[in-house]
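K.L.:
Would you mind keeping the following structure in view while I ask a few things?
The values are calculated or read from the model by the stated rules, or taken from the named source; none is laboratory data. Being a predicted model, the structure only gives us computed values, none of them experimental. Cβ atoms come from the backbone with ideal geometry, glycine included; neighbour counts cover every protein chain shown. With ligands, DNA and RNA removed, areas are computed over all heavy atoms of the protein, side chains included. Shrake-Rupley method; radii C 1.70, N 1.55, O 1.52, S 1.80 Å.
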Amino acid sequence: MANEIWTIKRCLEWTKEYLAERGEEHPRLSAEWLLCAATGLARIDLYMRMDETLNAAQLETMHAAVVRRAKGEPLQYITGSTQFRMIDVACAPGVLIPRPETEMLVEEVLNYLDAEVLSPEAAARQRVELPWNDEVEEARKSEAALADERATVERRAANLTAADEAALGSDVLGSRAYAEELADREAEEAAAQAAEADAAEAAEPELDEYGIAIEGAGQETASAQDAAAPAPTEPCTARVLEVGCGTGCISLSLAWERRGHVTCTATDIEPRAIDLATKNRDALGLTADEVAFSLTNLVSSIPREEWGTFDVLVSNPPYIPTDVMRSLPHEVKDFEPDLALEGGADGLDIFRRLLNAAPYMLRAGGLFACELYEGALDAAAELCRQAGLSDVRIVHDLTDRPRIVRAIVTEPKQRI
């Protein structure tokens, strides 16, 4: 056996069959994940290098990984990482594994921040309406029409029907997308050049009959222009408080996707979670000023001077009802931490404490958003209304199950 040659192809097929015999739901996908972790290759590279031979160290790593997976241990713990939205997140036993549902929680927070907190900057990025914009728009349309003609010629040359083109999508229509992007870019450049030309023209001094500049001429115009120009504004920064950060995936995604515009304070009661989240932050090159992690119970470590200063309080708290815990899949129930899963009889024990803290932590108009057990959302929404929060909404996940409750704090509180 030791002298046998194990290529990537043979190892992939053997692992797939081995895991399938032991009840693995997606044996080939699991085999690919494990092989990628053992070899350091991307999935596409596995199929490009099927005939390559695994070395002794890779075989040893693969063997240990297959044994762990056959016992039901989650792939994320075995491989040591998972992907969450736009970032890679290190995973380790003792810390909850990020779920796709939580990616939607991040999306809800980003939508709120973009619309309610960062909107002045978003407005500044809108295209400025200038007199020459109509001409530029006509040029852009001409470019797009030309791209249409090119795409048609390419389709005919490749003997593709319109249905084929629709099925292939962006690969075939890439020339049009590029043309539109190019036209938009040219429009922006034309606007900038025209603005520079106007500024240069305004800056030219007025000359007398002998061609000599008249002192003081044009100063009034310049002063008027200076007075009309808007004063520069400081970059807008949103403040987010996350409770129960686990791997840090929520705060790190928010800070990463809106870098320079969002800072996060994140807490957890589990030391292993704080250590892992800090490791993930460092791997992304984010700083403690951008995402600060704190080992504490809920919001206990938040300084009094920071109460009422946060724009968002977000959490993926323990929310599985006690009775449901017993019916969880083996790889969740026996490997992931109960502390991060169980939420009491109705799944809302920690949620109630967060709801109580929200009016003290958030400014007026701040967002309170939590991911919860699908059967508890109606009760959670009613608790928010009873607590005086407004604009209470339930958001469904990708499988159309109720998953997130979000509400607005209209009347912040202060403890005496």
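K.L.:
Using the Cα centre of segment 43-97 as the reference point, and only Cβ charges (+1 on K/R, -1 on D/E), how large is the resulting charge dipole? Debye, rounded to the nearest 20.
P.N.:
Dipole size: approximately 240 debye.
K.L.:
Let me check I've understood the local charge: for ALA70, count other residues with C-beta under 10 angstrom from its C-beta, Lys and Arg +1, Asp and Glu -1. What total comes out?
P.N.:
For residues surrounding ALA70, the net value is +1.
K.L.:
How much accessible surface does VAL324 have with a 1.4 Å probe, in Å² rounded to 10?
P.N.:
Ignoring ligands and nucleic acids, VAL324 comes out at about 40 Å².
K.L.:
Taking square-rooted eigenvalues a ≥ b ≥ c of the alpha carbon gyration tensor, is segment 1-66 rounded, prolate or oblate, where a/c under 1.5 means rounded and, failing that, a/b exceeding b/c means prolate?
P.N.:
Cα axes put segment 1-66 in the oblate bin.
K.L.:
Give me the mean projected area, in nm² to one decimal, of the convex hull enclosing the Cα positions of segment 355-416.
P.N.:
Averaged projected area of segment 355-416's Cα convex hull equals 4.1 nm².
K.L.:
Now, a different point. Please arrange SER81, SER294, SER251 by accessible surface area, largest first, computed with a 1.4 Å probe and ligands excluded.
P.N.:
Highest to lowest solvent-accessible surface, that is SER81, SER294, SER251.
K.L.:
For LEU284, what accessible area in Å² do you get when you roll a 1.4 Å probe over the heavy atoms of the protein chains, rounding to the nearest 10?
P.N.:
Approximately 30 Å² of LEU284 is accessible to the 1.4 Å probe.
K.L.:
Can I ask one more? So for TYR47, TYR77, what's the accessible-area order with a 1.4 Å probe, most first?
P.N.:
TYR47, TYR77
K.L.:
Here is a follow-up. Please get the size of the charge dipole for segment 289-416, origin at its Cα centre, with Cβ charges of +1 on Lys and Arg and -1 on Asp and Glu, quoted in debye to the nearest 20.
P.N.:
That gives segment 289-416 a dipole magnitude of about 520 debye.
K.L.:
Report the local net charge at ALA31: Lys and Arg +1, Asp and Glu -1, summed over other residues whose C-beta lies under 14 Å from its C-beta.
P.N.:
Computed value for this residue: +2.
K.L.:
Accessible surface of LYS279 in the full protein assembly, 1.4 angstrom probe, to the nearest 10 Å²?
P.N.:
120 Å²
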